[in-house]
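Okay, so here's the structure we're looking at.
The values are calculated or read from the model by the stated rules, or taken from the named source; none is laboratory data. All values reported here derive from a predicted model rather than from experimental measurement. In this analysis, Cβ positions are derived from the backbone assuming ideal geometry, glycine residues included, and neighbour counts consider all displayed protein chains. The accessibility values were calculated without ligands, DNA or RNA, using every heavy atom of the protein model including side chains. Shrake-Rupley method; radii C 1.70, N 1.55, O 1.52, S 1.80 Å.
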Amino acid sequence: MTETSVRTVLVLVENTADAALRSPALEALTLARTLGEVVALTLTEPSRQALDQLAEAGVDRVLQADLGDAPREIPVVAAAAVAAAAEHVRAALVLLTSSFVNKEIAAHTAWRTGAGLLIDVTSLADDGGRLVGGKRVFAGTWDTECAITTDVAVATLRPNALAAEPAAAPGAAVVERLPVTAAAPARLELLERVVHEVSADASGVVRPALAEAAIVVAGGRGTAGDFGPVEDLADALGAAIGTTRDAVDEGWIGHDAQVGQTGVTIAPRVYIGAGISGAPHHHGGMQAARTIIAVNTDSEAPLVEISDFAVIGDMHEILPAAAAAIREHRDATALS
Ligand SMILES: Cc1cc2nc3c(=O)[nH]c(=O)nc-3n(C[C@H](O)[C@H](O)[C@H](O)COP(=O)(O)OP(=O)(O)OC[C@H]3O[C@@H](n4cnc5c(N)ncnc54)[C@H](O)[C@@H]3O)c2cc1C
């Protein structure tokens, strides 16, 4: 990039067909604005609400890839659209939110465009025209920085790496159709679509997805199989529910909620681990949390030792008391 040219940043935004944009997409748009001129890309028709949010995020130009009958659920097909859009707008940076599927789309896009690839960054900055991404590695024990040395960069941004903010001035969010020719590779066929069951509270309000939640309340073997207190506190905080492999192996909760080496890696703003010892296999999956709170009967549990705050006691008493106090505080502040 020359000093005078403005970098074009293409941001893939998802879930636009019938829903609002999720927080990770708004965070990616916020970061993208600091790096150049933002163009949003959608693979489906954006909803009115999504377009309003894109306008609020300062986006003038929205590309809607038209893939015809090609199955956009297949990452290699989606990547064909992302690469075509990147070439169409001459993007110097393609930014996606970090999810399993997006990481695969990012890799295919980087291969197609000859771009340098950074996965799971928590920061991206311009360093004399070069993009430098920061990421935590080795189970959150090392902070590293990598510079992209190619003309085009592809990066995926971890949820909760920064706070989403509206732009100083709204954009026009004008939609432009982009026809893309793509097909599933030979011998790869989409056989069925399975809609994932989502976690919801008692009144049916969907809880945030574990991998992208800002707050996670996790319960382990100390729950003794009763996740009621964990759900109670999670719902008071609007948090996702996490757990350990031992609780999953006991059949107390599904594997989708497992945090750790053989589960989901998370980096929420707040992680609350109740009745969890903090074994290395679990620890590796949540160590990047900004604030760690442990609730444990054992003051010497490893999770207590790495926590920012710890409450020593029975989680079956502490969690409901905390949930009640949070609700009471919320009601009081709503009235005043
Ligand atoms: C190859 C491999 C991969 C693995 N992958 C993962 C993984 O991805 N994720 C993962 O989590 N684990 C994983 N494990 C398992 C991991 O090693 C631990 O066994 C597991 O994390 C421990 O779960 P826990 O903390 O719930 O149970 P425990 O280690 O038994 O800890 C229970 C804790 O609860 C406390 N407690 C008990 N009663 C109460 C109470 N009433 N109130 C408050 N505190 C209480 C206890 O003091 C204790 O600290 C893996 C293991 C292997 C071998």
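Note on the chain: antiparallel DSSP beta bridges, both residues inside, total approximately 20 percent of the bridges counted. Legend: residues Trp142, Trp252, Trp111, sorted from most to least accessible area (1.4 Å probe; ligands, DNA and RNA excluded), read Trp111, Trp142, Trp252.
For the chain, state the average projected area of the convex hull of the C-alpha atoms over all orientations, rounded to one decimal in nm².
Numbers: hull surface 76.7 nm².
One quarter of the hull surface, i.e. the mean projection, equals 19.2 nm².
With the alpha-carbon atoms of region 227-272 aligned to their principal axes, the span from lowest to highest coordinate is 27, 24, 13 Å, starting with the largest.
Percent of accessible area on the chain owned by carbon and sulfur, 1.4 Å probe?
Values: 8770 of 16810 Å².
The nonpolar share, carbon plus sulfur, comes to 52 percent.
Working ranking of peptides 62-73, 201-212, 255-266, 77-88 by packing, defined as the average number of other Cβ atoms within 10 Å per residue, highest first, is 77-88, 255-266, 62-73, 201-212. The phi torsions of region 181-193, fed into the Karplus equation with coefficients 6.51, -1.76 and 1.60 and a -60° offset, translate into couplings of 9, 8, 8, 5, x, 4, 6, 10, 9, 7, 8, 8, 10 Hz, rounded to whole numbers, with Gly and Pro shown as x. Once you reduce region 45-59 and region 85-122 to the center of their Cα atoms, the two points are 21 Å from each other. Solvent-accessible surface of protein heavy atoms, probed at 1.4 angstrom with all chains present, puts Phe227, Phe138 in the order Phe138, Phe227, largest first.
Summed over the residues of region 8-179 and divided among them, the accessible surface reaches 44 Å² per residue at a probe radius of 1.4 Å.
Note on Arg290 and Thr181: their simple-model spin labels are 4.7 nm apart, each label 7 Å out from Cα toward Cβ. Label positions at Thr297 and Glu165, each projected 7 Å from the Cα along the C-beta direction, are separated by 4.7 nm. Residues whose amide H comes within less than 5 Å of that of Asp66, counting only those at least five positions distant or on another chain, are Leu178, Val180 (H built at 1.01 Å from N in the peptide plane). For Asp60, the solvent-accessible surface with a 1.4 Å probe is about 90 Å², rounded to the nearest 10.
The largest-to-smallest principal axis extents of the Cα set in region 8-179 are 41, 35, 29 Å. Computed about the Cα centre, the dipole magnitude for the chain is approximately 880 debye when only Lys and Arg (+1) and Asp and Glu (-1) carry charge, each at its Cβ.
Please list the helices of the chain that count as membrane-span-like by this rule: a mean Kyte-Doolittle hydropathy of at least 1.0 together with Cα atoms stretching 27 Å or more along the helix axis, each helix being a complete DSSP H run.
Qualifying helices, which must be both long enough and hydrophobic enough, do not occur.
Once the Cα-Cα distance is subtracted from the 0.36 nm per residue extended length, the Lys103 to Leu188 segment shows a gain of 28.7 nm. The charge dipole of region 210-335, taken about its Cα centre with unit charges on the Cβ atoms of Lys, Arg (+1), Asp and Glu (-1) only, comes to about 400 debye. Please give, to one decimal in nm, the separation of the simple spin-label points placed at Asp127 and Asp246, each 7 Å out from Cα toward the Cβ. According to this spin-label approximation, the distance is 4.2 nm. The helix-only estimate of mean residue ellipticity at 222 nm for the chain, built from DSSP H runs of length n ≥ 4 each weighted as -39500 (n - 2.57), is -8500 deg cm²/dmol after division by the residue total. Protection proxy ranking, highest mean first, for peptides 190-200, 30-40: 30-40, 190-200, where packing is the per-residue count of other beta-carbon atoms within 10 Å, averaged. Sites listed here are GluC sites (Glu not before Pro) in region 231-308 whose DSSP assignment is loop and whose Cβ has at most 13 other Cβ atoms within 10 Å: Glu300.
One quarter of the surface of the convex hull around the alpha-carbon atoms of region 183-281 equals 8.4 nm², the direction-averaged projected area.
Thr113 sits among other residues whose Cβ lies under 12 Å from its own Cβ, and their net charge, with Lys and Arg +1 and Asp and Glu -1, is 0.
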